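Novice: Let me begin by handing over the structure; questions about it come next.
The values are calculated or read from the model by the stated rules, or taken from the named source; none is laboratory data. Values in this document were obtained by computation on a predicted structure and should not be read as measured data. No Cβ is skipped: glycine too gets one built from the backbone with ideal geometry, and neighbour counts run over all protein chains shown. Quick note on the areas: whole protein, heavy atoms, side chains included, nothing else; ligands and nucleic acids left out. Shrake-Rupley method; radii C 1.70, N 1.55, O 1.52, S 1.80 Å.
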Amino acid sequence: ELPGFYYDPEKNRYFRLLPGHNNHNPLTKDSIQHKAMECKRLRLLEEEEKQKKTTRAGLNSSVLLQKRQLGLLSSTSYCRLVHELKVNCMQRRKIEIHSPDSSVAGTNNFKIIVADVACERIFTVNDVEHGGCKYGIINLSGLGKESLTVEMYDNLYFTNRKVNSVCWASLTHPDSHFSLTHFSKLCLMGIAETPGCASLLPASLFSSTNPGDRPGMLCSFKISTAWSCAWCLNPQADKCFSTGLTRRILVTNVATGHRQTFGTSSDVLAQQFATQTPVLYNGCRSGEIFSIDVRQRNRKGQSWKATRLFHGSAVTSIHLMEAEHYLMAADMAGKIKLWDLRTAKCVKQYKGHHNEYALLPLHVNEEEGLLIAVGQDCYTRIWSLQDAHLLRTIPSPHPSSKDAIPSVVFSSRLGGSRGVPGLLMAVKQDLYHFSYN
């Protein structure tokens, strides 16, 4: 590399780089990098259409079946490798979005999509052209048919604040959270001087019934700049949800209105409650991950922190595994690590993820043994949980940009217990389904 120059491999010569503030200048670092990324994306899309999949060497269905019959593969390993094979054969199909209000479907860019526990519905946050966000719910029951169609329902609520975090919540019996009827949603601003707010909305707001019969907002209160939210499903902290704020954590009981505050030394960017115990795990901008028992009273100092882990960069997403002995965490340096909570040591690292400053979520599917993450470069990557092998890199159907980072949902039962398996990808105004069968 020569300072002030760039090398063009096609023309086999160097060109001088000019200042980037000149919008008409074709030779700036940003434009050169964007052109290179777009060429790579188009090449990968072409390979996807030609079914040139990058799988493990020698991995195909006939070899797997033969090894299984010869007793060379255990049933667990066989199932895991079959899932890997299916992931590499997923094909993209566009989903048609219908709405009772014809002006709703496909008019605003998707920003966040979050599925409920049963994967029957997806809550969406959409950017509005004139600024702000609006919300909707997509019913996935139509995915099981030959023609991929879904129903999208909007509501009348609108916020001019940036939405940073969304989570589903259950206000019924703790064991009934597979038929969720309510969700907790955070409407947040990224600017510290502007107050944010936390809102709890009933899912029945998003229905085709008479608008006069719809209930109002269950709970809404103003808070300082907030970054994350989490709902507790443990009966010992029933109807509680947490919000990660600037240098503090606020745990609120929706039924009683009681609030508990825990001071932190850094902004809390990611949160998740354990289900077996009323313990809240937090990921901070400083790179620290720690847990707190919400049953204890707040004391001055840091003595209430239990498990403590450390990343080298700001933690953007955490996911507690089912057995609650392991925690997956991603940071702004693009590192994804699996931590053993019993020894407080990193046991696996998943390489290839790209992030520099965005709050990007992790998606873990333990049933299939898969980890999915969307990078800031707009590529969706899928790893094997077992050995951290990168199974597939899926390019975005749209050109890469800051406002076109895909949001994804992966499940073996999209649309409910009898639903179809696969990956949902929302990017710009479109929704895509990668069939997993």
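Novice: Please work out if Pro399 is touching a helix residue (DSSP H, G or I) at 6+ places or on another chain (Cβ under 7 Å) and open to solvent by 10 Å² or more (accessible area, probe 1.4 Å).
Specialist: Against the criterion (touching a helix residue (DSSP H, G or I) at 6+ places or on another chain (Cβ under 7 Å) and open to solvent by 10 Å² or more (accessible area, probe 1.4 Å)), Pro399 qualifies.
Novice: Would you check if there is a residue in region 152-162 being modelled with pLDDT of 70 or more, closer than 16 Å to Ser220 by Cα and open to solvent by 30 Å² or more (accessible area, probe 1.4 Å)? Let's see the steps before the verdict.
Specialist: Filtering region 152-162 for residues modelled with pLDDT of 70 or more gives 152-154, 161-162.
The next check asks that each one be closer than 16 Å to Ser220 by Cα; those that pass are 161-162.
Pick out the ones that are also open to solvent by 30 Å² or more (accessible area, probe 1.4 Å) and you get 161-162.
For region 152-162, residues modelled with pLDDT of 70 or more, closer than 16 Å to Ser220 by Cα and open to solvent by 30 Å² or more (accessible area, probe 1.4 Å): present.
Novice: Same structure again: Checking the conditions here, which among Leu327, Leu360 is assigned to a strand (DSSP E or B) and either surrounded by 14 or more Cβ atoms within 10 Å (Cβ to Cβ) or touching a residue at least 40 places away in the same chain (Cβ under 8 Å) (or both)?
Specialist: Criteria check complete, one pass: Leu327.
Novice: In addition: Based on this model, can you work out whether Gly334 counts as over 13 Å from the mean Cα position of the chain (by Cα), open to solvent by less than 60 Å² (accessible area, probe 1.4 Å) and in contact (Cβ under 8 Å) with a residue 60 or more places away in the chain?
Specialist: no
Novice: Would you mind telling me which numbered condition in (1) in contact (Cβ under 8 Å) with a residue 60 or more places away in the chain; (2) over 30 Å from Met425 (Cα atoms) Arg295 fails?
Specialist: Only one criterion in (1) in contact (Cβ under 8 Å) with a residue 60 or more places away in the chain; (2) over 30 Å from Met425 (Cα atoms) is unmet by Arg295, namely (1).
Novice: Quick one: in region 236-250, of everything that is at pLDDT 85 or above, over 19 Å from Pro361 (Cβ atoms) and not aliphatic (A, V, I, L, M), which residue is farthest from the chain's Cα centre (by Cα)?
Specialist: Top of the filtered list is Gln236.
Novice: Still on this structure, I have one more. For Glu368, indicate whether it is in contact (Cβ under 8 Å) with a residue 60 or more places away in the chain and either acidic (Asp, Glu) or crowded, with 21+ Cβ neighbours inside 10 Å (or both).
Specialist: Yes; evaluated as a whole, the condition is true for this residue.
Novice: List the strands (runs of 3 or more DSSP E) inside region 59-129, counting only whole elements, that have at least 2 residues being touching a Phe, Trp or Tyr at 6+ places or on another chain (Cβ under 8 Å) and of a type in the set (D, E, K, R).
Specialist: The strands (runs of 3 or more DSSP E) meeting that bar are 91-98.
Novice: Looking at Ala226, Ala270 in this structure, which one is within 24 Å of the chain's Cα centre (by Cα) and under 20 Å from His363 (Cβ atoms)?
Specialist: On inspection, the qualifying residue turns out to be Ala270.
Novice: Exactly one of these conditions fails for Asp267: (1) open to solvent by less than 40 Å² (accessible area, probe 1.4 Å); (2) within 24 Å of Asn234 (Cα to Cα). Give me its number.
Specialist: Unmet for Asp267, out of (1) open to solvent by less than 40 Å² (accessible area, probe 1.4 Å); (2) within 24 Å of Asn234 (Cα to Cα): (2).
Novice: Quick check, is Thr343 among the hydroxyl-bearing types (Ser, Thr, Tyr) and in a strand (DSSP E or B)?
Specialist: no
Novice: Next question, about the same structure. Hey, among the residues in region 96-117 that are buried (at least 18 other Cβ atoms within 10 Å of the Cβ) and at pLDDT below 85, which one's farthest from the chain's Cα centre (by Cα)?
Specialist: Ser99
Novice: Which of the residues spanning region 273-284 are surrounded by fewer than 22 Cβ atoms within 10 Å (Cβ to Cβ) and under 19 Å from the mean Cα position of the chain (by Cα)?
Specialist: Within region 273-284, Ala274 is the sole residue that qualifies.
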